[in-house]
Amino acid sequence: QVQLVESGGGLVQAGGSLRLSCAASGSIFSINFMGWYRQAPGKQRDMVATITSDGTTTYADSVKGRFTISRDNTKHMMYLQMNSLKPEDTAVYYCRLGRFSPYWGQGTQVTVSS
């Protein structure tokens, strides 16, 4: 059984910063791929950033230069540092573990006011 728990969301003004955390537990030792995804009301869930166990990262064009994904394999943690936040970043942010048949967290709300 794998569990993912996100934290760190909240309300912030445009231009502000937040740091999201994802704590993973369970049988996760062989899973390489992790990522952050987000879903705004009425929209599909989209990739924000991904990271593999060797540190290879990818970012959505809309967040490049503003967001940074990282992970601590020893602590089974993943992070998303979000700077220069914009109102269009408002969404529920989900932690994902695994590329195929992934596990998902319950999500954390990020709201950016203008």
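The values are calculated or read from the model by the stated rules, or taken from the named source; none is laboratory data. What you are looking at is a predicted structure, and each value in this text was computed from that prediction instead of being measured. Virtual Cβ from ideal backbone geometry, glycine too; neighbours counted across all protein chains shown. Just the protein is used for accessible areas: all its heavy atoms, side chains included, with ligands, DNA and RNA removed. Shrake-Rupley method; radii C 1.70, N 1.55, O 1.52, S 1.80 Å.
For residues that are assigned to a loop (DSSP other than H, G, I, E, B) and closer than 14 Å to residue 96 by Cβ, scanning just segment 30-43, find the one that is least open to solvent (accessible area, probe 1.4 Å). Reasoning before the result, please.
As a first pass, look at segment 30-43 and keep what is assigned to a loop (DSSP other than H, G, I, E, B): 30-33, 40-43.
Retained after the next criterion (residues that are closer than 14 Å to residue 96 by Cβ): 31-33.
Numbers: 31: 38, 32: 65, 33: 17 Å².
Checking each candidate, the answer is 33.
When segment 60-75 is limited to residues that are of a type in the set (Lys, Arg) and surrounded by 13 or more Cβ atoms within 10 Å (Cβ to Cβ), the one that is nearest to residue 35 (Cα to Cα) turns out to be 71.
Quick check on my filter: what residues within segment 87-107 are over 21 Å from residue 58 (Cβ atoms) and either surrounded by 18 or more Cβ atoms within 10 Å (Cβ to Cβ) or in contact with a Phe, Trp or Tyr (Cβ under 9 Å, 6 or more places away or on another chain) (or both)? Selection gives 90, 106. Within the set of pairs 6+ apart or on separate chains, which have a first residue in segment 99-114 that is under 14 Å from residue 82 (Cα atoms), a second that is of a type in the set (Phe, Trp, Tyr), and C-beta atoms under 7 Å apart? Qualifying pairs under 7 Å: 108/93; 110/93.
Would you confirm whether any residue within segment 14-29 is open to solvent by 60 Å² or more (accessible area, probe 1.4 Å), at pLDDT below 95 and either assigned to a loop (DSSP other than H, G, I, E, B) or in contact with a helix residue (DSSP H, G or I) (Cβ under 7 Å, 6 or more places away or on another chain) (or both)? Within segment 14-29, one or more residues are open to solvent by 60 Å² or more (accessible area, probe 1.4 Å), at pLDDT below 95 and either assigned to a loop (DSSP other than H, G, I, E, B) or in contact with a helix residue (DSSP H, G or I) (Cβ under 7 Å, 6 or more places away or on another chain) (or both). Read through the list (1) farther than 18 Å from residue 112 by Cα; (2) free of Cβ contacts under 8 Å to residues at least 24 places away in the same chain; (3) charged (D, E, K, R), then give the number of the only condition that residue 64 fails. Condition (1) is where residue 64 drops out.
Among the listed residues 50, 57, identify the single one that is of a type in the set (Val, Ile, Thr), touching a residue at least 12 places away in the same chain (Cβ under 8 Å) and surrounded by fewer than 17 Cβ atoms within 10 Å (Cβ to Cβ). Before the answer, list the steps.
Values: 50 fails: surrounded by fewer than 17 Cβ atoms within 10 Å (Cβ to Cβ).
Just a single option satisfies the conditions, and that option is 57.
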